[in-house]
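A short worksheet on the structure shown next.
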Amino acid sequence: MPFERYSLDAFRGDPKKHPLIERGWERRQVITIIFALLFYSATAILLLGLAVRIRTYAKTPAPLKIPTTPAPTSKGGVVLRLLREVVLFKSLFKANKWIWLFGWVFHFALLIVLLRHLRYFTEPVWFWVAMMQDLAVYAGFAMVAGLIGLWVRRMVVPRVRYISAPSDHLMLVLIIGIGVSGLVMKYIMHTDIIALKAFFLGLMYFDWQPLPEDPVLLIHLGLVALLMIIFPFSKLLHAPGIFFSPTLNQVDNPREKRHLAEWAARLEASEGGGG
Amino acid sequence: MTELEKTGDLSVDDFLDPLERPELAPDIMAESAPFVAAPEIQEKLGYPGELVDNWQEKAIEKMGELAGKYRSFKVYLDSCVKCGACTDKCHYFLGSGDPKNMPVARQDLLRKVYRRNFTLAGKYLPWLVGAEDLTKDVLDDWYSYFHQCSQCRRCSVFCPYGIDTAEISMAAREIMDSVGKGQKYCNEIIGKVHDVGNNLGLNPKALKATLEDLEEDLEDETGLKIRLPLDEKGADIMLVTPSADFFAEPHIDGLLGYAKVFHQVGASWTISSYASEAGNFGLFIGSYENMREVSLRIRKAAQDLGVKRIIFGECGHAWRVAYSFLNTLAGPFDFLDQRYPVPQHICEYTHDLIEKGEIKFDKSKNDHIRLTYHDSCNVARASRMGDKPGGQFEIPRAILRAACNHFYDMAEDTIKEATFCCGGGGGLLTDDLMDIRKKGAQPRMRALKQVAEDHGVTHMAAICAICKTQFSKVMPDYGFDMDSIVSIHQMVSNAIILDGAKSDDEDEAVNVTVNEDAMPAADGAEA
Ligand code: HEM
Ligand code: SF4
Ligand code: SF4
């Protein structure tokens, strides 16, 4: 795939000689630098933030066996149970068909959309990513539709409105914004995809390339970066959280196997009793 | 017209959907709060006698400590997406309409304080994420609404992340205890167990006398010397049962049922006066330490008596603590016979005997009863029986079907894993909470009304001491007879064939009269 390559060194040398400057693209240069730094920090915050959270969850003991029963009696069963929850949202399906429909469509579409975006980060594009491009077009619409469904519920169902804080509405607005700006670029105001890809590959290989100056693209990318930054500090922690939920991830075998947390063992040792 | 149709104040109208969502009635239950524990009660459990001066600071400190000790607490506080799936799942919400009884809203009472103190967004942008400081009003809300949760876990079944509001309620109660605001009912009872060994404060002498009386009753009824042994060293089996089984109705009839089963197969068994309580209210206040101390009594009793097996009587949360936690809290039980599960449920025991053909029933003895079964919440969603998941649903039903001819389940979305709490669980079984108890029973009463209409059901069996007490108290308000609630082993007791028992014509006669009174319109008859 042909795209212009500019070396990172160019930024370090005489700025006047950099191709961006030579072409008089000073504003573009500033925007490129801002977005490059934004994406580096957003990625760092997302990954570090999640790593810290996951570590905390993993290190916090679950002193008692509390699987919600009927629960699987083996590790394999627990893996299946979690898969059913993560892939099918099984409990949600039991609970409420509307939330399930909107929520599942949104998440599944989100997954497809995310995978589709891999084409901006891979060169050559992996063949299965290339293959799913057509399907992914529908996914964009489905995602926005699901989100709007969730948001309408949040506004019109009194029970759900009651439990919603401003952040719960804004989170939906944010993701809808990402989806809509993406669709606008796809169908109404096209952007320079080749240059965009060069920009992201440049970020990955520390070889910065100019970012197209399209306002819609900048909004799209800005919102994505914002989402990445708030991820580890918001309810989006449900994504890692589900895997650490003791009611879902524990094996139902308390009679067969003694389960003892470290702090409980210390309590036992200090007080005596027990075995 | 069935006898279940008599009207009462709160009586259930015809065919009301047990799952019908009420209109929101904000703060309608705000005034419902249990009596606060007196200083002596608190101090006995190692808590401050009354609200300490720096209670805010202490409460936040405790919250942080618990978030470090319990993964459930931490993960659940972080993970809720406010999807709303749980909002219509709590029987207290269905019965009261108070939105703070929606599970997620109940959690949020605590979560908003957690966010304010432990999250970045809550510290700097509290208005954005609904974070709030812990004020006196918030504490009052906690005290009200965390005592309107029976820790039944119905919400956790429907939450996509399995968020269990019970975990949050337990933590909230532990935090409140730690700053000196405890609940009288639970804490007084735990104190009694620490002192005497059971929730009622029944001392060994009184217990012995009670059991002897019951032995006489059994002999009158059957002509057999069926025993209720107390503190017999060297027995094979130690039975640990809720103390209500010794004196309350219909609990006693269940106890007599256990005794008959043991008698019929010639089992060597005993009750312990030291561990004369299966219930463990340490669970309700979220206190690992108190729960452990109560559990250790059972271990000690088993060792002192030199038994080989431990069997638990009918009780919901007791079975949760026994099945799920006993091994953790007071194990390992390597001194017991490892061929049997430790501990075992009396229903597992009886069911095994039925399977092996060692006990038999004359089902016609229960023909005056058309029965349904209330899955007790803690048995259904926090434990198991047998070796397959779901055995906790099948085994009790198998026993009931073996012991009676007319059994009908209530609507599928109100039983098994979707069962309701009776309304009195989780430390709410106290008169000062009667209003919320009655409201919480509403969904179950509606489901019962349906089977009563559809199948002429006259009685409901339960497997939990709290359920039995609660139902016999609130059923009259819904137009049901107070003794429409029965123990599982009461059905066993009625129908079990005992070798050498007198075939008793008097009893027969009594049965027939009961029959006519209690029989509903025959199947298919128009009302
Ligand atoms: C392991 C992966 C994930 C699982 C199993 C999962 C599951 C769920 C479920 C079951 C719900 C509740 C139903 C609903 O409202 O849609 C939900 C809500 C939500 N999820 Fe996820 N999710 C995952 C990853 C993500 C990711 C990566 C995002 C990032 C954008 C996300 C964003 C959201 C949002 C914003 C909501 C709230 C929707 C509302 O306000 O109603 N989820 N998730
Ligand atoms: S179902 Fe679970 S995630 Fe959804 S609102 Fe209730 S507690 Fe939160
Ligand atoms: S645990 Fe039971 S009582 Fe408590 S909020 Fe959940 S459904 Fe309601």
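Structure notes:
- Volume of the Cα convex hull of the protein assembly as shown, divided per residue and given in Å³: 181
- Disulfide-incompatible cysteines by the Cβ rule (no partner under 4.7 Å) in chain B: B:Cys80, B:Cys83, B:Cys90, B:Cys149, B:Cys159, B:Cys186, B:Cys315, B:Cys347, B:Cys404
- Working from Cα pairs under 8 Å separated by at least six residues, relative contact order for chain B is 20 percent.
- Estimated [θ] at 222 nm from DSSP helical runs (n ≥ 4, -39500 (n - 2.57)) normalised by residues in chain A, nearest 500: -20000 deg cm²/dmol
- Rounded to the nearest 5, the antiparallel percentage of DSSP beta bridges internal to the protein assembly as shown is 10%.
- Remark: mean inter-chain Cβ contacts per residue of B:416-423 equal 1, using a 10 Å Cβ-Cβ cutoff to other protein chain atoms.
- Helix axis angle, B:288-305 relative to chain B longest principal axis, alpha carbon, degrees: 30
- With respect to chain A, whose longest principal axis is taken over its alpha-carbon atoms, helix A:97-116 is tilted by about 50°.
- Shielding by partners for peptide A:228-237, expressed as the average number of C-beta atoms from other protein chains within 10 Å of each residue's C-beta, is 3.
- Taking the fewest neighbouring Cβ atoms within 10 Å as the starting point, the ordered list for B:Met410, B:Met291 is B:Met291, B:Met410.
- Neighbours of A:Arg161, meaning other residues whose beta-carbon lies under 11 angstrom from its beta-carbon, give a summed charge of +3 when Lys and Arg score +1 and Asp and Glu score -1.
- Exposure proxy ranking for B:Ile285, B:Ile28, B:Ile271, based on other Cβ atoms within 10 angstrom of each Cβ and starting from the fewest, stands as B:Ile28, B:Ile285, B:Ile271.
- Kirkwood-type radius of chain B, with distances r between different C-alpha atoms, in Å: 23.8
- Calculated [222 nm] ellipticity per residue, helices only, for chain B: -14000 deg cm²/dmol; basis is -39500 (n - 2.57) per DSSP H run with n ≥ 4, divided by all residues, nearest 500.
- Residue exposure sequence - B:Ile488, B:Ile354 - by fewest surrounding Cβ within 10 Å: B:Ile354, B:Ile488
- Counting every C-alpha pair in chain A, the share spaced more than 29 angstrom apart comes to 49%.
- Using alpha carbons only: equivalent-ellipsoid semi-axes of the range B:86-139, gyration tensor based, whole Å: 25, 11, 7
- Shielding by partners - mean other protein chain Cβ count within 10 Å, residues of B:128-135: 3
- Short-range pairs are left out: with C-alpha atoms under 8 Å and at least six residues apart, the relative contact order of the range B:375-455 is 30 percent.
- For the range A:8-274, the relative contact order comes to 33 percent (Cα pairs under 8 Å, sequence separation of at least 6).
Coordinate-derived values only; no laboratory data. The structure presented is a predicted model; accordingly, all values stated were derived computationally and were not measured. Counting neighbours? That spans all protein chains shown, and the Cβs are built from the backbone with ideal geometry, glycine included.
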